[in-house]
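The values are calculated or read from the model by the stated rules, or taken from the named source; none is laboratory data. None of these values were measured; they are calculated from a predicted model. Counting neighbours? That spans all protein chains shown, and the Cβs are built from the backbone with ideal geometry, glycine included.
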Amino acid sequence: MNTQLLLRGTLLIGGLLTAVIGIGHIFMPTAGYDSSVPQMMDSAVRDHFYYLGTYAICAFLLSFAFLSIYFSGLKYPQASLIVCSVLAVFWVVRAILEFLYPVEIRIFFLRTPHSVLLPVILLLAIAYSISALKYLRHEPRM
């Protein structure tokens with residue numbers, strides 16, 4: 001397979017999947033968690049960690065998704081490689097964090113989100129990593 005095509009496909013598909021995850025975060029504070037979750041926090045903690053944290057994660061994910069999708073369409077593979085590599089590191093770190101701090105509270109319809117989140121996160125980490133490494137290994141340097 002052409003390594004540039006793999007790089008571009010990974011950026012496009014990874015970006016679309018990341019956008020779906022990001023969009024889901026828009027609805028998490030109001031519809032994603034059980035109503036008892038924010039009620040367990042005092043208002044300052046709720047505003048900071050529950051609302052600000054969730055919406056900030058949403059913004060980060062949507063920004064990463066936009067960059068990934070945008071760079072998938074460019075014909076500058078070195079620049080796309082940088083984005084792919086950064087996203088590989090991001091998703092690898094996120095996978096490690098999911099192992100250390102598994103999500104064990106109900107989110108939307110998922111009673112055990114960890115069992116769904118971990119494979120999706122690993123898929124993104126592996127796809128971005130393989131694509132970046134394959135490109136680095138097979139394409140000539142400029």
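Would you pick out the residues in the range 1-34 that are of a type in the set (S, T, N, Q), in a helix (DSSP H, G or I) and either over 30 Å from I130 (Cβ atoms) or out of contact with any His (no Cβ under 6 Å at 6 or more places or on another chain) (or both)?
Within the range 1-34, Q4, T10, T18, T30 qualify.
From the list T10, T3, T54, T18, exactly one residue is in contact with a Pro (Cβ under 9 Å, 6 or more places away or on another chain), modelled with pLDDT of 90 or more and of a type in the set (S, T, N, Q). Which is it?
T54
Within the range 35-142, which helices (runs of 4 or more DSSP H) (wholly inside it) include 3 or more residues that are farther than 19 Å from T18 by Cα?
Because the criterion is at least 3 residues that are farther than 19 Å from T18 by Cα, the helices (runs of 4 or more DSSP H) in the range 35-142 that meet it are 36-39, 77-100, 114-138.
Can you tell me which residue in the range 31-61 is surrounded by the most Cβ atoms within 10 Å (Cβ to Cβ), limited to those that are over 26 Å from V83 (Cα atoms) and small (G, A, S)?
G32
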